[in-house]
Amino acid sequence: MTKTPDPIALDDWYAIATLNEIAEHPVRTTLLGQDIMYARASDGRLSVHEIDTGGRTGAALPIQERYQCLWTTLGSPRRDIFRLEEAEENDRRVVVCGWVKIRTSGLRLVENFLDMAHFPYIHTNILGAEPHTEVPHYASEIRRDVDEVWATDCQFYQPQIIANGPGGMVKLTYRVPSPFVVMLYRVCPLAPDRLDVIMMFIQPLEQDLCRAVPVMYLVDDRSSQIDLLKFEQVIFLQDRIIVENQRPLLMPLDPRSETPTRADLSSVVYRRWLKEKGLRYGTAESGRAST
């Protein structure tokens, strides 16, 4: 594998490990085609290094610890990792769901996260159910002041909103703060004046291979940690089957390549945003075969 030359992909921050899994022995992984290694020293300090083609330890990379994860970059980001105010609230349950490797572009995974239309068919009797299949009108936009994609006024009927609780109509807001990070804010059924936050951090290993971890900041004093983990992992593994069967594996940015519906507004805006940025890594426009 070879590190991508795409400057837009290089100049961004990526979660590469959850903090509680990092031990003193070095762990090798890949980011954007570049082999890297991370480790925790005996004094607790974390480090990430490139690994050169001969297998030798190379340059140290910038790191940050944020949202239960270790973040790094292969380039020179022009802005910091996004801020999440809910993560600063001490009474929240923090659930780190574990990494899952998926044979697809990481961009496809973000797009799937944004898609409400598949809830009744893929997450039956959890996030959706027939006959409640219609996606009500919602708004999606590129917020130029922060350079993020947001979808607001989203509503959908969900039979099971939380791990241990009844269902009903749920209000959702989606946010894409960077190309390989996506999240939703959900009105909390146990505290209607507050929002639960469910995030997905994606580590693009190669153009058509990634791994991802859901991290949740919840207002839930009823469910056990195991129940919260199981609830999210079931949903994620159901999505994995669908995403891995999409073709092409890489994300087409040409609006003529796939026919969107009204329910696909967030996908349309997300793709437009990626194209405006000039991102090519993980897209069908990268020139790499996508079978």
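The values are calculated or read from the model by the stated rules, or taken from the named source; none is laboratory data. Just so it is clear, the model here is predicted, and its values are computed rather than measured. Glycine gets a Cβ as well: all are built from the backbone with ideal geometry, and neighbour counts include every protein chain shown.
One table, with the values for the structure above:
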read-out	value
Condition check for R66: modelled with pLDDT under 95, buried (at least 16 other Cβ atoms within 10 Å of the Cβ) and of a type in the set (K, R)	no
Residue identified as closer than 21 Å to I202 by Cα, part of a loop (DSSP other than H, G, I, E, B) and either in contact (Cβ under 8 Å) with a residue 12 or more places away in the chain or of a type outside the set (A, V, I, L, M) (or both) among G75, G55	G75
Criterion: buried (at least 16 other Cβ atoms within 10 Å of the Cβ), within 21 Å of the chain's Cα centre (by Cα), assigned to a loop (DSSP other than H, G, I, E, B) and modelled with pLDDT of 95 or more - qualifying residue of D80, D12	D12
Qualifying residues in the range 15-35 (those that are assigned to a loop (DSSP other than H, G, I, E, B) and in contact (Cβ under 8 Å) with a residue 24 or more places away in the chain) - the one nearest to Y281 (Cα to Cα)	L32
Hits in the range 101-131 - residues which are surrounded by 17 or more Cβ atoms within 10 Å (Cβ to Cβ), of a type outside the set (F, W, Y), outside any loop (DSSP other than H, G, I, E, B) and modelled with pLDDT of 90 or more	I102, G106, L107, R108, L109, V110, E111, L114
Odd one out for D196, checked against (1) surrounded by fewer than 22 Cβ atoms within 10 Å (Cβ to Cβ); (2) at pLDDT below 95	(1)
Test: Y270 is closer than 21 Å to L32 by Cβ, surrounded by 14 or more Cβ atoms within 10 Å (Cβ to Cβ) and at pLDDT 90 or above	yes
M200 in contact with a Phe, Trp or Tyr (Cβ under 8 Å, 6 or more places away or on another chain) and in a strand (DSSP E or B)	yes
Members of the range 36-52 found to be in a loop (DSSP other than H, G, I, E, B) and within 16 Å of L19 (Cα to Cα), listed by number	A41, S42, D43, G44, R45
Pairs where the first residue, in the range 243-254, is within 12 Å of N112 (Cα to Cα) and the second is modelled with pLDDT of 90 or more and hydroxyl-bearing (S, T, Y), C-beta under 6 Å, 6+ apart	V243/T104; E244/T104; M251/S105; M251/T283
One residue from A60, A17 being farther than 20 Å from V181 by Cβ and at pLDDT 95 or above	A60
Residue within the range 62-69 that is free of Cβ contacts under 8 Å to residues at least 60 places away in the same chain, closer than 30 Å to L265 by Cβ and out of contact with any helix residue (DSSP H, G or I) (no Cβ under 7 Å at 6 or more places or on another chain) present	yes
Top-ranked residue of the range 237-252 - restricted to ones that are of a type outside the set (A, V, I, L, M, F, W, C) and part of a loop (DSSP other than H, G, I, E, B), ranked as surrounded by the fewest Cβ atoms within 10 Å (Cβ to Cβ)	R247
Per-region count, the range 66-92, residues more than 21 Å from R175 (Cβ to Cβ) and of a type outside the set (A, V, I, L, M)	5
Whichever residue in the range 183-193 is part of a strand (DSSP E or B) and touching a residue at least 12 places away in the same chain (Cβ under 8 Å) and, among such residues, is surrounded by the fewest Cβ atoms within 10 Å (Cβ to Cβ)	A191
